[in-house]
Structures are given as C-alpha cells and as structure tokens.
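Shown next, in structure tokens, is the structure this report addresses.
The values are calculated or read from the model by the stated rules, or taken from the named source; none is laboratory data. Worth saying up front: this structure is predicted, and the values here are computed from it rather than measured. Here the Cβ positions follow ideal geometry from the backbone for every residue, glycine too, while neighbour counts run over all protein chains shown.
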Amino acid sequence: MALLNLIINNTEYMTQARNAGVIEAMMAVMHKHASCAAVVETVCKVLHLLTHDHEESRIHAGNVGVIDALVAAIVRRGSAILACLILLSLIHGNMENKARARTAGTVEAVVAIMRRHEGIDDLQERACEILRDLTSGIEENMIRAGDAGAVGVVVAAQLGHTKHLGIQVAACGALRNLARRRSTNQVRAGTAGAVEAIVAAMRNHPGSERLQRRACGVLRNLTHSNEGNVTRARNAGATEAVIMAMPEHMQSEDMMERAFGVLRNLNTSTTNDTSQANNIDSFKAVVLALRTHDTGSVNVQHQACVALRNLIGGNASNIEWAGAYAFGAVKVMTFAVTAMRRHSGSSVVQISACAVLYVLTIDNVAHRACAVQVGAKEAAEAALMTHSGNKKVVREARDLLTILS
C-alpha cells in the first residue's frame, strides 16, 4: 500500500518504480499471496498505474507473465474488475499480448466471470471490451469465444443493462466481431435476442454516435446472408432505427457506411422488405446522406450504391417513386457516375455503380436519357478498359452499355 501511495500522481516515482523492477516484484507478490484478495487487489492497482498508457511497460508486463497472473485472478474471482481493466489495457493493439491472453484461457475466464457477476456494471462493460479486442480479426478467438458461450453472455449483458450506455457500446463491439463471417455465431446471437437488444439500444441512446455506429456495424454482420436475422431485424424495427439515426450522425462517414450496409442487407433480392413505405424512407435516407458524403471513401461509395440497387431492385413501382422523390433518380445517377470516375481503380465501386445505374434505366426511357447526359456511357466504357480482366466489372458494364446504346 505504501508503494501505491508513492506512485499515485507522481510521474518521477512511477518512472523509478518501472526502472527498479517493480512489475516483476508485484508478480512475485501476487504468486505468493494469490489467495489473499486484499493483496491481489493492491497489486492490480499498482500494475494498472505502471502499465496504463505506457507502451514499454505494457510489453514488459506481457513478457514477465502478468497476463497469466491476471487471468488466474479472474478465475479465482479476486479483483476481477481491476484484472479485466489491466487486461484490456495490455491486449489493446498488442498482438503478442493477445496471443498470450489466448493461451492463458482469457476468453473462457471472461465468459465465466460475466456469468457469475451479471449485475456488476463495470465488470460487464470491461469484459465485453476484452472480448471485442480479442476477437478483432482473430479467427481462432472468434471460434473459441463462440464455443465458450460469449455470444450468450454478451447479449445477456445488453438485456440486463439496457440503460447503461457503456455496456451497450461494448456489447455491440463484441457482437460485431463475433458475428463477422461466422454463421454459427450469427445464429447464436439471433436466437439469444441480440437483434432486438441492439435495436432497443439504438432507441434508448439516440445521441451517442459511438453506439449508433457500432450498432449498425453489428446489425450489418448479423443480417449478412442470414434470412432469420433479417426477419428478426425487420420485425424489431431495425430499418426505422437506422433511418432515424442517420440524420443525427450524418457527419460520421463510418456510421454512414455501416448504415448503408444494414439497409443493403434488409433489401436483398431474396429478402426484400415487404413495406414499400420502408423502401421509400430508406431510399430517401441514403440520398440525403449522399449530399454529405458524395466524395466519400471507396467503402462508403460502394455500400451506398449496393444499398440503392437493392432498394430499387428493378421494380417498376420502385423506379417510379425513386424518380419522383425530389429528383432522386437524377441525384443517384449523378452520384454513381461521379463515384466511378473518382474511384476508377476500384472494381467494387465500378460493379455496384453500374448495377444501380442499370436498375434505374432498364425500364425507364427518361432515366436512360438522363444517364447518358450525366456521362454513364463514358464511365462504363472506362470501367471496361481499366478492368478488362474482371469478369464482374465486364458483365455489369456491358449490361449497362447495352441498354444505354
């Protein structure tokens, strides 16, 4: 305790402690008095002060076995909140420490502690963030976490703490990673009530860009090629929740990209939204967003084009209301051609832009004339030349040129 008091708010003493080998000394103390909760808690506080926002100490702590000791503390239920906090700091952005955490059984320990302490807000939030960090782009951890029951405990945290913004944000982040390209975890999440919990979180916390962004990200992953979750999302009001969130957070490019992705998934060729009102409102929301992000990144441009293609879908009535909405069709065609020119090297933009131009013009003479006027033929011809070896680009561009000729 004396050491803790010395280094709190004292940069000089903290530096001396790091150089004097205090991290190793704390490890020895933790091992010797592992069964004493008070000692473990004090050691955790010292370790947190020495490693927080100090990259060299984070690396050193991983090298000397701090992660294994922290996982052991979580398993013994001693100082679990502090242990989770330090773990989160040690693994964030550090692949070596993430590997150590995986080997130490962190995923399983965190899931178990979440089950035992469902009512402790701080622990649930930090545990969700640990799961998010450990499953970010690491396939093995996604599988291990899913098999250990991570999806269920994260959804339970959301359902049990609906008004707690931090838990909702952390849970959305964890679920987004767990559901990414993992159909098994998609099903687990849908069955556990994740879709409904996420939509409720969006309604309960409309002013948080971070929450809305993460919520759109996880809804996009949960509804990708999963008709069961698409149905759940529609029934829960996901379309309306996304449309409501977009104007308030219009300046966030990342948010718009993910929102476009959700609207895309809820309006695929096999799972079209049965409500034309929702289709129209979604179309309006995307077009309005394009006024702010018409010079956006490749991903934003691509996702917007795919969403618009799915919303219009070659349906005559959809094309009619698209054209009627405040020159919406003209705006979309201009946007698509501009995107093709700005991102001429991106095959995905060429494919999706040609596709949305095609569905708008295939059965509408006025739209065809407008497309030619805004330069769609030249853009398609340029795409053919630049991406002559890409079969999808060639097909979409040729189909468009056929109806514009």
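A few points about this structure:
- Of the helices (runs of 4 or more DSSP H) lying entirely inside segment 1-87, the ones with 2 or more residues being within 22 Å of Gln124 (Cβ to Cβ) and modelled with pLDDT of 85 or more are found at 37-51, 66-75.
- Any chance Arg188 is charged (D, E, K, R), out of contact with any Asp or Glu (no Cβ under 7 Å at 6 or more places or on another chain), surrounded by 23 or more Cβ atoms within 10 Å (Cβ to Cβ) and more than 17 Å from Asn235 (Cα to Cα): no
- Exclusive hit being closer than 19 Å to Asp53 by Cβ, touching a residue at least 24 places away in the same chain (Cβ under 8 Å) and either of a type outside the set (A, V, I, L, M) or not in a helix (DSSP H, G or I) (or both), set Glu108, Glu96, Glu118: Glu96
- Residue in segment 17-31 that is more than 19 Å from Ser89 (Cβ to Cβ), β-branched (Val, Ile, Thr) and out of contact with any strand residue (DSSP E or B) (no Cβ under 7 Å at 6 or more places or on another chain) present: yes
- Of all residues in segment 235-264 being charged (D, E, K, R) and within 17 Å of the chain's Cα centre (by Cα), the one that is farthest from Thr295 (Cα to Cα): Arg264
Yes/no per residue for (1) within 16 Å of Gly152 (Cβ to Cβ); (2) out of contact with any Gly (no Cβ under 8 Å at 6 or more places or on another chain):
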residue	(1), (2)
Gly166	no, yes
Leu178	yes, no
Gly193	yes, yes
Asn204	no, yes
Ser208	no, yes
Arg214	no, no
Ala238	no, yes
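- Residue tally, condition on the phi > 0 side of the Ramachandran plot and surrounded by fewer than 17 Cβ atoms within 10 Å (Cβ to Cβ), over segment 83-127: 1
- Restricting the first member to segment 278-293 and to residues that are part of a helix (DSSP H, G or I) and among the acidic types (Asp, Glu), and the second to residues that are surrounded by fewer than 24 Cβ atoms within 10 Å (Cβ to Cβ) and modelled with pLDDT of 80 or more, the beta-carbon pairs closer than 6 Å and six or more apart or on different chains are Asp281/Ile243.
- Residue under evaluation Thr103, criteria (1) β-branched (Val, Ile, Thr); (2) modelled with pLDDT of 90 or more; (3) in contact with an Asp or Glu (Cβ under 9 Å, 6 or more places away or on another chain), criterion not met: (2)
- Residue check, Ile91 closer than 25 Å to Glu129 by Cα, out of contact with any strand residue (DSSP E or B) (no Cβ under 9 Å at 6 or more places or on another chain), modelled with pLDDT of 90 or more and not acidic (Asp, Glu): yes
- Selection of segment 262-276 for residues being at pLDDT 95 or above and not hydrophobic (A, V, I, L, M, F, W, C) yields an empty set.
- Wholly enclosed helices (runs of 4 or more DSSP H) of segment 324-405 bearing at least 2 residues buried (at least 21 other Cβ atoms within 10 Å of the Cβ) and of a type in the set (Lys, Arg): none
- Scanning segment 241-262 for residues that are among the acidic types (Asp, Glu) and either surrounded by 18 or more Cβ atoms within 10 Å (Cβ to Cβ) or within 10 Å of Ala285 (Cα to Cα) (or both) yields a single hit, Glu257.
- Residue match in segment 30-49 (condition: within 19 Å of Lys98 (Cβ to Cβ), touching a residue at least 12 places away in the same chain (Cβ under 8 Å), surrounded by fewer than 17 Cβ atoms within 10 Å (Cβ to Cβ) and under 36 Å from the mean Cα position of the chain (by Cα)): yes
- Put simply, of Ile74, Ile7, Ile59, Ile23 the only residue that is free of Cβ contacts under 8 Å to residues at least 40 places away in the same chain and surrounded by 16 or more Cβ atoms within 10 Å (Cβ to Cβ) is Ile74.
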